[in-house]
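Read-outs: derived from the displayed coordinates by stated rules, not from any lab. Model, not experiment: these values are computed from the prediction. So basically every Cβ, Gly included, is an ideal-geometry build from the backbone, and we count neighbours across all protein chains shown.
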Amino acid sequence: MDQPATAHGPDQPLCPRVPHMLYGGDYNPEQWPEDVWREDARAMREAGVNLVSVGIFSWAQLESRPGEYNFGWLDRVLAILHEHSIAVDLATATASPPPWLAHRHPESLPVTADGVTLSPGGRQHYCPSSSAYREAAGALTRAIANRYKDHPALAMWHINNEYGCHVSACYCDASAAAFRRWLAERYGDIDKLNDAWGTAFWSQRYDQWDEILPPRRAPTFSNPTQQLDFYRFSSDALLALFDMERDILREITPDVPITTNFMNFFKPLDYWKWAKHEDIVTNDSYPDPFDPEAHIHYAAMAHDLMRSLGGGRSWFMMEQTPSAVNWRPQNALKRPGQMRLWSMQAVAHGADGILMFQWRAAKAGAEKFHGGMLPHVGTENSRVWREVVELGHDLQRLDDLMGARTPAQVAILLDWESWWGLELDSKPSASLRLYDQVYSYYRELYAANVAVDFVEPGADLAGYKLVLAPNLYMARGGIAADLESFVAGGGTLVMSFFSGIVDERDHILLGGYPAPFRKVLGLRVEEFEPIAPGETNGLIVPGVSGSAAFACDQWRDEITLDGAEAVANFASDYYAGHPAVTRHRFGEGTAYYLGTRPDASFMRWLLDRAYADASVAPSATSPAGVEVTRRIHGETRYLFVLNHNTHEVQFTLPGPARDLLTGADSPPTIRLAPYGVAVLREQV
Ligand code: GAL
């Protein structure tokens, strides 16, 4: 496993050259005349900015012809920033190749599964397996690293940008060749591949490696294991590009931390694998203000994933908009106070810095209607600017929080490979989406202020009391044995349907579903089917409700109990009275199984039982829409109270506390304005 260049522990800042909560944004000075740059630096100081990402999309400016570098303008920008004590997260500038690359190397352009070549004119128009792109990107990275390795403003490296955002896989001939090399390494021998891919089916047996192609558009369903391996390969192909740049930077500047910005629950890239290759996890966060639950799934849940990807260490937000984005069909403004609230929410979930896209709102190009910290209107009479300055000053009061951890007793199992497998075609239901299933759990944990980590298969579960396994379709990496010993040792498990169905080759695990988990769950599933779209069934809880108090939809398992008891039975259809949700005492612990998708009220009811079984304690009880989380630094406990409502709320603190944002002792009951925030140090 790759070791981070900076193993930041609780006492070390994320970025040693900026020992503060990080604040700033993407800075694209190449879009502006030079006389604006000094004004930018002055305004950055006014806002409390201490870190900006520079050069992300400047390849064409830095290398206007192959091998001809123009660093003069970047030298001048970095000098001005340094003069103003603003550090730089310097980009390797490889995210958007200049037009000359595609002109000279048309084969470097990406090709879709349908055979369409994507043209230059936007960005990210490169095939991950193109040797022309790889060589040019490597040369540019080396030139930038050599030029700026000793620059006093250099604080961090920003490799590429949002890998895979527009092109996560390429199906061209170069990609086909690279896919074959990847397969040869994985399987060694073509018979092993034939076996893994089940090519005895539909006359798909391969005789030679050269016959193998990416899963290009075919007359009907492509081989599922071929598709699964292509997901694995495509994530690895981009990771190999990242590693290529990272190795150059490590060689030239071994002490400068390296990051690339992630995109929340981004299905194409296995972020568990990726996060181990970088020093700092960073994320781009764009919740939609029109979505009333955006602060839960697109924010809190994604923030918890980022903290978990780094093994619990702090991360930071690399991008958010101060106001609106430009890329949805309708682009809402963040409401007054909402940018501050959502920024503090990220800090509440483990972020040690907030950066935005972008510093100065563009006046030309596809993103000219995207918000900027310094908006088109300027700094005078600007709500956005006032909020940007206010946030900068707030963050300056929170340096003590840096490195503080978020203790969680609950873990959600998330496996990218299983996710890919689950959502491949030709399944009992085409509407199963892992993200939605994960969210159906997360939403209730969030509402109850229960802190949660995400974990990958193979993770040490010993520190958790409750493990949730939403639709773990693929059982791999010893997960069945791990879950058995977790429950046997006293842990509580909640698993949902269509788990443990296949191995890592996408081959069915025979003998009754979910074969590897039957023992711990105490049951057997003989058959399953989707509940017709739009229809629901009822759930009857024996001893609690005589008639159906809860509803369920989407799926139903035909469960035979084998040690487990029924917690709820289906209310209607020919399987009325059959178990829908079960509970099994196993060793010292308990395993629940959901053979259907229950409604939110049942999920809440069931999780309350699971918390009780597992002795899980929420951070606090709070009014609806008020989120309460904790971070802990040694003996010191920090409490965040976040009001996501559009009305004022009152909240009584668990004990005496100091308000870090006002610097004063807090009253026992605090009043929070709409979108109001309190960050408190609890006094023990
Ligand atoms: C991100 C990207 C930025 C900018 C931003 C706009 O996906 O990294 O460069 O395009 O979106 O919201």
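So what's region 29-107 giving for Rg/Rh, alpha carbon basis, Kirkwood Rh from the mean inverse pair distance?
Values: Rg = 14.3 Å, Rh = 13.6 Å.
That ratio equals 1.05.
Quick one: work out the % antiparallel among DSSP beta bridges in the chain, nearest 5. Spell out each step's value before the answer.
Working: 51 of 94 bridges.
If I count the DSSP bridges inside the chain, around 55 percent turn out antiparallel.
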Can you give me the C-alpha center-to-center distance between region 283-345 and region 489-523, rounded to a whole angstrom? 34
By the C-alpha gyration tensor axes a ≥ b ≥ c (rounded if a/c is under 1.5, else prolate when a/b exceeds b/c, else oblate), the shape of the chain is oblate
For a quick check: with amide H placed at 1.01 Å from N, whose amide H comes under 5 Å from LEU374's, ignoring anything fewer than 5 positions away on the same chain? ARG360, ALA361
Chymotrypsin sites (Phe, Trp or Tyr not before Pro) within region 258-298, DSSP loop, no more than 12 other Cβ atoms inside 10 Å: PHE290
Rounded to whole Å and sorted largest first, list the principal axis extents of the Cα atoms in region 535-661. 60, 40, 24
Kirkwood hydrodynamic radius of region 601-647 from all distinct Cα pairs, in Å? 12.7
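Hey, what did the chain get for relative contact order, percent, Cα under 8 Å, at least 6 apart?
Numbers: 1429 pairs, mean separation 74.0, N = 684.
Rounded, it is 11 percent for the chain.
Using the per-residue mean of other Cβ atoms lying within 10 Å as a proxy for protection, in what order, highest first, do the peptides 605-618, 586-599 fall?
Details: 605-618: 17.5, 586-599: 22.3.
Going from most to least packed, we get 586-599, 605-618.
Can you give the charge dipole size of region 217-283 about its Cα centre, rounded to the nearest 20 debye, using +1 on the beta carbon of Lys and Arg and -1 on the beta carbon of Asp and Glu? Intermediate results must be reported in sequence, preceding the final value.
Details: 7 positive and 10 negative charges, 84 e Å.
With Lys and Arg at +1 and Asp and Glu at -1, about 400 debye.
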Highest mean packing first, using Cβ neighbours within 10 angstrom, the peptides 550-561, 75-86 sort as 550-561, 75-86
For region 213-292, just say rounded, prolate or oblate: build the C-alpha gyration tensor, square-root its eigenvalues into a ≥ b ≥ c, call rounded for a/c under 1.5, and beyond that prolate if a/b exceeds b/c, oblate if not. oblate
State the cysteines of the chain left without a partner when partners are defined as other cysteines whose beta carbon lies under 4.7 Å away. CYS15, CYS165, CYS172, CYS552
Hey, which of these cross-link pairs are over 26 Å Cα-Cα: LYS267/LYS427; LYS334/LYS363; LYS192/LYS273; LYS276/LYS519; LYS276/LYS368; LYS465/LYS519? LYS276/LYS519; LYS276/LYS368
Would you mind putting 623-629, 497-503 in packing order, based on average other-beta-carbon counts within 10 Å, highest first? 497-503, 623-629
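Looking at the chain, do any whole DSSP H helices span at least 18 angstrom along their long axis by alpha carbon and average 0.0 or above on Kyte-Doolittle, and which?
Numbers: long enough: 35-47 (19 Å, -1.30); 131-148 (25 Å, -0.33); 173-187 (21 Å, -0.53); 224-252 (42 Å, -0.17); 383-396 (20 Å, -0.52); 434-447 (20 Å, -0.62); 600-614 (20 Å, 0.03).
Counting only whole DSSP H runs, the qualifying helices are 600-614.
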